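Trainee: Pasting a structure below so you can have a look.
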Amino acid sequence: MRSPWSGENEQPHETPAPRSAPADPFPRRRTDRVERATGVLVAAGALLAVVLAVLTSVSLHGSGVRQAANDAVDRVAVTATLTAPVEASPGLDATMSPGVGAAVPATWTAPDGSLQTGTVPVMGPQPAGSSVPIWVDRTGALAPPPVTATQAAVTSVVGGLLVLLAGGLLLAGVRAGVRARCAALNHRAWAREWAEVGPRWAAGAGF
């Protein structure tokens, strides 16, 4: 037998609210899907550019260190003696190169003790007989200064940054191009839709 007081304690039955469908994680327009895919590819490309920049930097640093080690063995610092004076100011003589100086005849002693002759770069006026420090190889031929560890490090950093910059500019250009193309396609689609809906809306026919 049902208690007369049972109705007071019973809670009304509530129908659960329908659960809304989960939002579609993927855009519906084709242009939106293209932009989404492009964003993923650009992110992957950025990661690849970082990896390539690091690998380039490491490779350049290794090459520079090996070059510095070879130069330390092959290059010898000697003193050359000028056999002609340098009287003109830098930049006024036809034999001068910007940032290098004048090419002046000189003599020096090779590592094997033989006497060598040639031209050496000299900055500024110098009288004949002046001593100029130069670098030569083991045969006594004039050679550029040896690569230092600092130069190798700077070259590796600059090389890595250039790779990273080039990759960033390329990816930014691709992303901007795709977005501009998608925006143009969307604009055309909106124009076509408005051409169909606009006259009906203006006439009061509704949508």
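The values are calculated or read from the model by the stated rules, or taken from the named source; none is laboratory data. Please read these numbers as outputs of a predicted model, since none were measured by experiment. As a convention, Cβ positions derive from the backbone with ideal geometry for all residues, glycine included, and neighbour counts pool all protein chains shown. For the accessible areas, the whole protein counts, side chains as well, though only heavy atoms, and no ligand, DNA or RNA atoms are used. Shrake-Rupley method; radii C 1.70, N 1.55, O 1.52, S 1.80 Å.
Trainee: Working only within region 139-165, note down all residues that are open to solvent by 60 Å² or more (accessible area, probe 1.4 Å), under 18 Å from Gln67 (Cα atoms) and either among the hydroxyl-bearing types (Ser, Thr, Tyr) or part of a helix (DSSP H, G or I) (or both).
Mentor: Those that are open to solvent by 60 Å² or more (accessible area, probe 1.4 Å), under 18 Å from Gln67 (Cα atoms) and either among the hydroxyl-bearing types (Ser, Thr, Tyr) or part of a helix (DSSP H, G or I) (or both): Thr148, Ala149, Thr150, Gln151, Val154, Thr155, Val157, Val158.
Trainee: If you go through region 47-76 one residue at a time, how many are over 24 Å from the mean Cα position of the chain (by Cα) and not basic (Lys, Arg)?
Mentor: Going through region 47-76 one residue at a time, the tally reaches 8.
Trainee: Return the residues of region 170-207 that are within 18 Å of Val54 (Cβ to Cβ) and loosely packed, with under 14 Cβ neighbours inside 10 Å; say none if nothing qualifies.
Mentor: Within region 170-207, just Leu170 meets the criteria.
Trainee: A further question on this structure: Could you please let me know if Gly173 is out of contact with any strand residue (DSSP E or B) (no Cβ under 8 Å at 6 or more places or on another chain), closer than 30 Å to Gly39 by Cβ and touching a residue at least 24 places away in the same chain (Cβ under 8 Å)?
Mentor: The answer is no for Gly173.
Trainee: Moving on to the next point. If you check every pair at least six apart or on different chains, which have Cβ atoms under 7 Å apart with a residue in region 146-164 that is more than 25 Å from Ala49 (Cα to Cα) first and a residue that is of a type outside the set (Phe, Trp, Tyr) and open to solvent by less than 40 Å² (accessible area, probe 1.4 Å) second?
Mentor: From residues that are more than 25 Å from Ala49 (Cα to Cα), the pairs are Pro146/Ala68; Pro146/Asp71; Val147/Gly64; Val147/Ala68; Val147/Asp71; Thr148/Ala68; Ala149/Ala68.
Trainee: Considering only residues that are within 39 Å of the chain's Cα centre (by Cα) and part of a strand (DSSP E or B), look in region 104-138 and name the one that is surrounded by the most Cβ atoms within 10 Å (Cβ to Cβ).
Mentor: Val122
Trainee: Here is a follow-up. From the residues in region 72-102 that are touching a Ser or Thr at 6+ places or on another chain (Cβ under 9 Å) and modelled with pLDDT of 85 or more, which one is surrounded by the fewest Cβ atoms within 10 Å (Cβ to Cβ)?
Mentor: Thr79
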